[in-house]
Amino acid sequence: MTTRNEGGSLGAAGPPAGARPPVRIRRPGHLALRVPDARKAADFYAGVIRLAVTEEAAGVIYLRSRFEHHCLELHPSDRAGVLHLGWETDSDEETLALRALLTDRDAVTRDAPLEPGRRGVAFQFQDSLGMWNEVYRAMDRLPLLVPDGPLPAQRLAHFTRMSPDPDADLAFFRSIGFRVSDRVPGLQAFLRCRPEHHAVGFLKHDRPMLHHHAYDVGSWDGIKSVMDWAALRGVPVEVGPVRHAPGNNISVYLRDPNAVRVEFFCEMELIEDDEDHDGRRQPLVFDLWRQSPPPPGFRE
């Protein structure tokens with residue numbers, strides 16, 4: 001069922017000045033990708049990214065990092081792309097309240113299809129970029145993975161996206177409860193739903209697309225393990241290690257077989273308060289160590 005309320009509008013202006021919508025989304029849950037060759041993609045995410053296949057159902061391959069049933073879904077398709085972003089709320093009451101808020105604000109929502117491992121009521125909504133987002137309570141908890149080689153990715157932690165209008169995306173996500181951590185008006189925006197500096201980010205680009213999905217590897221030792229393992233598997237590191245200005249995290253980036261970018265990071269800035277910090281305006285520095293902008297082609 002898809003619904004749209006003809007009353008209010010989310011719009012670029014967001015909520016009234018000073019309004020503080022409650023935080024209902026608690027953390028990123030999973031990413032669902034369309035892939036032309038699901039087996040090839042699964043081999044990459046298991047062999048290089050160190051996720052583990054949980055199960056396969058109706059042609060879809062589900063992979064996890066440590067405890068959760070899955071943090072990544074690979075859906076067979078004739079073209080590569082994003083199917084949806086997944087978000088967890090911690091309770092059915094929060095899930096339903098968020099759907100009511102989105103419907104009241106004229107966002108498009110629909111019932112979510114059945115999915116293995118997912119708990120609670122679930123729905124999907126279209127965001128300011130037209131991308132589908134899935135919201136639900138939680139995932140099943142599974143036994144801990146025993147590492148085989150370097151530590152597996154600890155946790156899916158954020159999504160960063162390219163956008164023609166980062167200010168509008170900031171307004172949309174702020175209006176549904178995210179808090180602003182950093183922004184450069186018209187160029188980039190970073191928002192959080194937990195103490196970590198960002199759960200979603202937006203970078204200026206001429207068309208909307210996913211820039212990367214990111215995994216916390218815990219420490220500098222985790223970053224070194226990623227780079228060693230990638231070298232052993234013959235997979236080039238696209239960029240890194242770098243230390244970002246927004247978030248202060250240390251990061252490296254790889255690409256999957258469909259050119260989807262994957263970030264591994266550690267030492268993300270924590271913001272413990274519940275305030276918006278949209279006046280920080282961090283300088284447009286990609287790498288604090290080198291005081292340099294992004295390399296050519298990285299914002300594509």
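The values are calculated or read from the model by the stated rules, or taken from the named source; none is laboratory data. Remember, it's a predicted structure, so these values are computed and weren't measured experimentally. Using ideal geometry, Cβ is built from the backbone for each residue, glycine included, and neighbour counts are taken over all protein chains shown.
Here the condition is being touching a strand residue (DSSP E or B) at 6+ places or on another chain (Cβ under 9 Å), of a type in the set (Ser, Thr, Tyr) and in the same structural domain as residue 60 (by TED's automatic domain parsing); of 77, 163, it holds for 77 alone. Each residue in segment 197-211 was checked for being of a type outside the set (A, V, I, L, M, F, W, C) and surrounded by fewer than 21 Cβ atoms within 10 Å (Cβ to Cβ), and 5 of them qualify. Of the listed requirements (1) among the basic types (Lys, Arg); (2) crowded, with 21+ Cβ neighbours inside 10 Å; (3) at pLDDT below 95, residue 79 misses just one: (2). crowded, with 18+ Cβ neighbours inside 10 Å and under 30 Å from residue 235 (Cα atoms) - does that describe any residue in segment 99-106? Checked against the condition, which is being crowded, with 18+ Cβ neighbours inside 10 Å and under 30 Å from residue 235 (Cα atoms), segment 99-106 yields no hits at all. For residue 112, which of the numbered conditions (1) farther than 23 Å from residue 35 by Cα; (2) surrounded by 14 or more Cβ atoms within 10 Å (Cβ to Cβ); (3) small (Gly, Ala, Ser) fails to hold? Single failed check for residue 112: (1). All of 73, 134, 93 fail the test of being without any contact (Cβ under 8 Å) to a residue 12 or more places away in the chain and either surrounded by 22 or more Cβ atoms within 10 Å (Cβ to Cβ) or among the charged types (D, E, K, R) (or both), apart from 93.
Of the candidates 251, 219, 292, the single residue that is over 27 Å from residue 44 (Cα atoms) and of a type in the set (S, T, N, Q) is 292. Restricting the search to segment 277-298, which residues are in contact (Cβ under 8 Å) with a residue 24 or more places away in the chain and either farther than 18 Å from residue 243 by Cβ or in contact with a Ser or Thr (Cβ under 8 Å, 6 or more places away or on another chain) (or both)? 277, 278, 280, 281, 285, 286, listed by residue number.
Just for strands (runs of 3 or more DSSP E) wholly inside segment 130-225: which have at least 2 residues that are closer than 21 Å to residue 239 by Cβ and in contact with a His (Cβ under 8 Å, 6 or more places away or on another chain)? Those strands (runs of 3 or more DSSP E) span 155-163, 200-204, 209-216.
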